[in-house]
Amino acid sequence: MKKLIIANWKLNPATADDAQKLAASINQAAKNTAVLCPPTVFLSRINFPRLGAQDCFWQEKGAFTGQTSPLQLKSLGVKYCIAGHSERRAVGDTDEMVNAKLNALLEHKITPILCVGFGTTVEQDDLEVTDVLKQQLGAGLAGIDPLKVIAAYEPVWAIGTGKNASPEHAEKIALFIKSKYGIKKILYGGSVNAANAKGFLQQPNISGLLVGGESLIPGHFNQIINF
Ligand code: 13P
């Protein structure tokens, strides 16, 4: 079965030209389904069959300086939007805000990718992860149909560190999210690369990957989306 591979470019690249070049070098007809999430400012300049946003605001319009609404994203053809990434939570996004974003996205038929995860060390992850996940999922999904949401499990210690979780650990968490919260599609993210991607994609309860750094390297990302 096709897996869903989401590229989170974060705050990269520096120019619209570079963003267009990067998008043009990604295989549009890969074995798996690839989605590109460029910085919001470049969304309208990117030509790719499936686009996602990295974040959004929960209001449609009005006096909200600097924000981007799901309505605006929809007008650019955006089909997916990340919400609750740990890099957003680190600058103040709360579970209640994430929940409001999910509601707003679903209202405009954009599929939310709800990021959950905790633990700045592997040990802490083992000790505390379940409680934190319960809080993030319970509050984030309040009043939301879980079948309309994709979850991404991203342990904080694995993001951008070159240290990925084991596929078995990620599978265990995916099963927990699926059985307790009813979300059918769960992705893994955190130091995914062309060498370790296959191990995650072989897990029965992992539906795909959320890829940061390696999604900026076309040769590597094209390998990941073609496993
Ligand atoms: P890296 O793949 O760079 O670790 O980033 C993961 C991530 O945060 C994707 O959202």
Could you say whether any residue in segment 72-88 is farther than 19 Å from Leu210 by Cβ and without any contact (Cβ under 8 Å) to a residue 24 or more places away in the chain?
yes
Here the residues within segment 4-28 that are surrounded by fewer than 21 Cβ atoms within 10 Å (Cβ to Cβ) and part of a loop (DSSP other than H, G, I, E, B) are Lys10, Leu11, Asn12, Pro13, Ala14, Thr15, Ser25, Ile26, Asn27, Gln28
If I ask for residues that are closer than 18 Å to Ala30 by Cα, within 14 Å of the ligand (Cβ to nearest atom) and part of a helix (DSSP H, G or I), which ones from segment 174-222 would you list?
Ala197, Phe200, Glu214, Ser215, Leu216, His220, Phe221
Failed item, numbered, when Pro155 is tested on (1) out of contact with any Phe, Trp or Tyr (no Cβ under 6 Å at 6 or more places or on another chain); (2) at pLDDT 95 or above; (3) surrounded by 22 or more Cβ atoms within 10 Å (Cβ to Cβ)
(2)
May I ask you to verify whether Val98 is modelled with pLDDT of 95 or more, buried (at least 22 other Cβ atoms within 10 Å of the Cβ) and assigned to a helix (DSSP H, G or I)?
yes
Go through (1) at pLDDT 95 or above; (2) more than 15 Å from the ligand (Cβ to nearest atom); (3) farther than 20 Å from Val78 by Cβ for Val149 and report which single condition fails.
(3)
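Just one of Lys74, Lys31 is part of a helix (DSSP H, G or I), more than 14 Å from the chain's Cα centre (by Cα) and surrounded by fewer than 24 Cβ atoms within 10 Å (Cβ to Cβ); which is it? So that I can check it myself, show each step before the final result.
On the way: Lys31 fails: part of a helix (DSSP H, G or I).
Of the residues listed, the single one that is part of a helix (DSSP H, G or I), more than 14 Å from the chain's Cα centre (by Cα) and surrounded by fewer than 24 Cβ atoms within 10 Å (Cβ to Cβ) is Lys74.
The values are calculated or read from the model by the stated rules, or taken from the named source; none is laboratory data. Predicted, not measured: the structure shown is a model, and the values here were computed from it. Counting neighbours? That spans all protein chains shown, and the Cβs are built from the backbone with ideal geometry, glycine included.
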